[in-house]
1. So which residues in region 36-78 are touching a residue at least 24 places away in the same chain (Cβ under 8 Å) and acidic (Asp, Glu), if there are any at all?
2. Among the residues that make up region 51-59, is at least one of them outside any strand (DSSP E or B) and crowded, with 17+ Cβ neighbours inside 10 Å?
3. Within region 6-22, identify whether any single residue is in a helix (DSSP H, G or I) and in contact (Cβ under 8 Å) with a residue 24 or more places away in the chain, and answer yes or no.
4. Kindly indicate whether any position in region 128-138 is open to solvent by less than 40 Å² (accessible area, probe 1.4 Å) and either of a type in the set (Gly, Ala, Ser) or within 16 Å of Val108 (Cβ to Cβ) (or both).
5. Looking at region 23-44, which of the residues that are within 19 Å of Leu88 (Cβ to Cβ) and part of a loop (DSSP other than H, G, I, E, B) is least open to solvent (accessible area, probe 1.4 Å)?
6. Across region 60-73, what is the number of residues that are closer than 22 Å to Leu114 by Cα and open to solvent by less than 50 Å² (accessible area, probe 1.4 Å)?
7. Which condition from (1) among the hydrophobic types (A, V, I, L, M, F, W, C); (2) open to solvent by less than 30 Å² (accessible area, probe 1.4 Å); (3) over 23 Å from Leu161 (Cα atoms) is the one that Leu13 breaks?
8. Hey, among Leu139, Leu176, which residue is touching a residue at least 40 places away in the same chain (Cβ under 8 Å) and more than 24 Å from Leu29 (Cα to Cα)?
Amino acid sequence: MVHPNCHRKVIILSAPSGAGKSTVIKHLLQEFPQLEFSISATSRAPRGNEQHGVEYYFFDTETFRQKIQEDAFIEYEEVYAGSYYGTLKSELERIWAKGNTIIFDIDVKGGVNLKRLFADQALAIFIKVPSIAELRQRLIKRGTDSLEAIDRRISKAEEELTYETAFDHTLINDDLEAALRQAETLIKDFIKK
Ligand code: 5GP
């Protein structure tokens, strides 16, 4: 018998920072029990209450580099200078083995790479704020970054916006409720295919 979930589907969510990506992912994980979050590996230090094996697999830089050598990653990026992030091949197998669909929270370049790899197996969603001015306002309001850090994030976001066309759909996170409804519709259509 063919396993009903043998399609090994993946959902990719990428966004310039401040676009509300993690809120959307959290909501989708609550709405769709068949989705499972891909826990990435990172060489950055845990923040706050983050735990190894929950938000990330935390590796030191040397271990991360060793895993790169071993070809353990399906993709990885140095998202911020000195901080590596990557998706372990073993993580994909872990989730697919349960018959679940994988959901990725991944930077824009990683998202483009995964879409290229998974093609029709993947639903790639790009989330963006209505404008760069709005993004700046949100980052200021969030209050977690210095002005220099905000400027860095803004220039990164401007560059990332140029990759939007590599994604299947764009969600403009202007009105959060509307964005969540749109995301739900896209996912419903994709998982029933
Ligand atoms: P943070 O340090 O704030 O948790 O994440 C920083 C950025 O790294 C976010 O944009 C997040 O989507 C991205 N990221 C997390 N995991 C991965 C991964 O496995 N690969 C890539 N390329 N980016 C990732």
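1. Glu36, Glu75, Glu77
2. Yes, region 51-59 contains at least one residue that is outside any strand (DSSP E or B) and crowded, with 17+ Cβ neighbours inside 10 Å.
3. Yes, because at least one residue in region 6-22 is in a helix (DSSP H, G or I) and in contact (Cβ under 8 Å) with a residue 24 or more places away in the chain.
4. yes
5. In this case the residue turns out to be Ser38.
6. 4
7. The single condition Leu13 does not satisfy is (3).
8. After applying the criteria, what remains is Leu139.
The values are calculated or read from the model by the stated rules, or taken from the named source; none is laboratory data. A quick note: this is a predicted structure, and the numbers were derived from the prediction, not measured. With ideal geometry, Cβ positions are generated from the backbone for all residues, glycine too; neighbour counts draw on all protein chains shown. Remember, those area values only see protein heavy atoms, side chains included, never the ligands or the DNA or RNA. Shrake-Rupley method; radii C 1.70, N 1.55, O 1.52, S 1.80 Å.
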